[in-house]
């Protein structure tokens, strides 16, 4: 209940300015002690560097370096989505009561997800994943 009260103090316009909000549950002790081969920080760093290079090349003539800097006009140019993706975003916006700013954030995050996979086109899976990163929008709506 205390968490819900605290979250309700955070305004929607403030949340709209945060690209990613996810809830990270505590990891059970058993999972901490299992010896697994996860992706190393070095491998992740290299993937991010490749994506950032991909972005800086794409935006070379735009005067920006990364997806976070995209302005609305540039979003329309570089974050085109297909009809299935549009329906997915429309449904999310209706059900979650998302704002235009949240819509723009979803597009930017989806563009970054595609860039990490070195893909030029944003897929509906990218859009779906980006919507999942709006968990605080869902929490605020539920209170």
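With the largest listed first and rounded to whole Å, the semi-axes of the equivalent ellipsoid of the stretch 41-142 from the Cα gyration tensor are 24, 16, 12.
Fully extended, how many nm does the chain gain between residue 71 and residue 96 (0.36 nm per residue separation, minus their Cα-Cα distance)?
Values: separation 25, 0.36 × 25 = 9.00 nm, distance 2.35 nm.
Once the chain is fully extended between residue 71 and residue 96, it gains 6.7 nm.
At a 10 Å Cβ-Cβ cut-off, how would you order 117, 83, fewest neighbours first?
83, 117
Compared with the alpha-carbon gap, the fully stretched path from residue 83 to residue 45 is longer by 10.4 nm at 0.36 nm per residue.
Counting other Cβ atoms within 10 Å as a rough exposure proxy, the listed residues 93, 1 run 1, 93 from fewest neighbours to most.
All of the numbers you see were taken from the coordinates with simple rules; none came from a lab. From a predicted model like this one, the values you see are computed outputs, not experimental measurements. No Cβ is skipped: glycine too gets one built from the backbone with ideal geometry, and neighbour counts run over all protein chains shown.
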